[in-house]
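One structure is given below, encoded as structure tokens.
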Amino acid sequence: MQSILDRKLLFVTGKGGVGKTTMAAAIGIMAARAGRRTIVVEVGEQSQLARLFGLPPAAPGIEARLQAGLSSITIDPDRALLEWLQAIGGRISGRVLASSGTFQYFAAAAPGAKELVSMVKIWQLTRSARRRGAGGYDLVVVDAPATGHALGLLRSPQTFGAIARVGPIAGHTAEVQELLGDPALSAYLAVALASEMAVTEALELQDALNGQLARNLEAVIVNSLLPRRFTGAELDRVTRLAESADAVALAAARAARAVHERSRLQHNQMARLRRRSFEVIGVPFVWGSRLDLAAVEGISTRLARKL
Ligand SMILES: Nc1ncnc2c1ncn2[C@@H]1O[C@H](COP(=O)(O)OP(=O)(O)OP(=O)(O)O)[C@@H](O)[C@H]1O
Ligand SMILES: [Mg+2]
């Protein structure tokens, strides 16, 4: 199989809060280690990555270097649409546009517009390897919004493409569509927790990807897995302990049961995913007050073995 790092675009999505930004960062680190000049695009977010790397946040739209071979940029769809409207509106100032209500009206009346303008910006980054000097990238990793909005981005060449015939994105819709549709150029990754809802959302994403773009998920990264702590024999002992009259032993047995039960439920959700054709990659929950760069580097090493 072609390595995932040989593509131009890796698109990471999943339910809110499951670890998309963390995995996009880990994939970015993995790609940079492999010698790929990489940029991670945070869509609509406030420079989470800069914080992870101990750097001050860059302004939206500015490419910022995180470490050797790895950069990040924040693309805010509202801002991207405003810039586009300004570009086609000639001399209307951004401030007037933003305050006149035209912007809100347009954003509401043209579903898919801000998504397509954002997608064109992402596509432009994939083309920048051709540029000379700084800022040329081999790989663009998109830390996409949660599933529903991510699908909106992916659908935008179809929903808005036909009317985007003017301004700086005119003529690029077909190229965006080619990038999103060609398995040699792009790959899709879902992040999920091993919970019923997050796994269901990942499976729905797979179906929607298939329906919209005739594409499949390359892998589902199942984040924050708990270890299986007890063997069968140990569980038997826990069960016997639960019959004990001693209050402390009883409490300990209940706690042990609860831990085991959570890990068992996670295992069942992994099994739901494994029935499908994509790769299923588990990432353990990392204990500690905050997930730091060293922990994300550790996740990156683990992903590199599987992707
Ligand atoms: N394996 C892990 N172990 C422990 N903490 C984790 C792990 N993965 C992610 N986290 C923490 O969980 C929180 C959510 O992660 P992250 O920000 O990557 O999720 P997200 O899907 O990008 O969220 P959002 O939908 O808000 O953008 C963060 O505080 C992150 O540090
Ligand atoms: Mg995020």
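Points worth noting:
- Residues considered: Gly61, Gly89. Of these, the only one that is open to solvent by 20 Å² or more (accessible area, probe 1.4 Å) and under 19 Å from the mean Cα position of the chain (by Cα) is Gly61.
- One residue alone among Thr239, Thr200, Thr231 is open to solvent by 70 Å² or more (accessible area, probe 1.4 Å) and of a type in the set (Ser, Thr, Tyr), and that residue is Thr231.
- Residues (in contact (Cβ under 8 Å) with a residue 60 or more places away in the chain and closer than 25 Å to Thr159 by Cα) located in the range 184-207: Ala184, Leu185, Ser186, Ala187, Tyr188, Leu189, Ala190, Glu201, Ala202, Leu203, Leu205, Gln206
- The residue list Ala98, Ala108, Ala59, Ala87 contains one member that is more than 16 Å from ligand 2 (Cβ to nearest atom), more than 21 Å from Tyr188 (Cα to Cα) and in a loop (DSSP other than H, G, I, E, B), which is Ala59.
- Subset of the range 275-307 (residues that are surrounded by 13 or more Cβ atoms within 10 Å (Cβ to Cβ), assigned to a helix (DSSP H, G or I) and not hydroxyl-bearing (Ser, Thr, Tyr)): Leu293, Ala295, Val296, Glu297, Gly298, Ile299, Arg302, Leu303, Ala304, Lys306
- Arg79 within 16 Å of ligand 1 (Cβ to nearest atom), outside any loop (DSSP other than H, G, I, E, B), at negative phi and out of contact with any strand residue (DSSP E or B) (no Cβ under 8 Å at 6 or more places or on another chain): no
- Any chance Val166 is of a type in the set (Val, Ile, Thr) and modelled with pLDDT of 95 or more: no
- Note on the range 180-225: residues that are under 12 Å from Val18 (Cβ atoms), away from ligand 2 (no atom under 16 Å from the Cβ) and of a type in the set (Val, Ile, Thr) total 3.
- Selection status of Ala245, among the small types (Gly, Ala, Ser) and either within 17 Å of the chain's Cα centre (by Cα) or assigned to a helix (DSSP H, G or I) (or both): no
The rows are residues; the columns are (1) away from ligand 2 (no atom under 16 Å from the Cβ); (2) at pLDDT 95 or above.
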| residue | (1), (2) |
| --- | --- |
| Ile4 | yes, no |
| Lys8 | yes, yes |
| Val18 | no, yes |
| Ala25 | no, yes |
| Glu63 | yes, no |
| Ala80 | yes, no |
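- Residues (over 25 Å from Ser300 (Cβ atoms) and either open to solvent by 40 Å² or more (accessible area, probe 1.4 Å) or modelled with pLDDT under 95 (or both)) located in the range 207-226: Asp207, Asn210, Gly211, Gln212, Ala214
- Filtered residue count, the range 8-29, keeping only those that are more than 11 Å from ligand 1 (Cβ to nearest atom) and open to solvent by 10 Å² or more (accessible area, probe 1.4 Å): 1
- Residue within the range 36-50 that is surrounded by fewer than 17 Cβ atoms within 10 Å (Cβ to Cβ), more than 15 Å from the chain's Cα centre (by Cα) and outside any helix (DSSP H, G or I) present: no
The values are calculated or read from the model by the stated rules, or taken from the named source; none is laboratory data. As the structure is a computational prediction, the values presented were derived from the model and not from experiment. Glycine gets a Cβ as well: all are built from the backbone with ideal geometry, and neighbour counts include every protein chain shown. Just the protein is used for accessible areas: all its heavy atoms, side chains included, with ligands, DNA and RNA removed. Shrake-Rupley method; radii C 1.70, N 1.55, O 1.52, S 1.80 Å.
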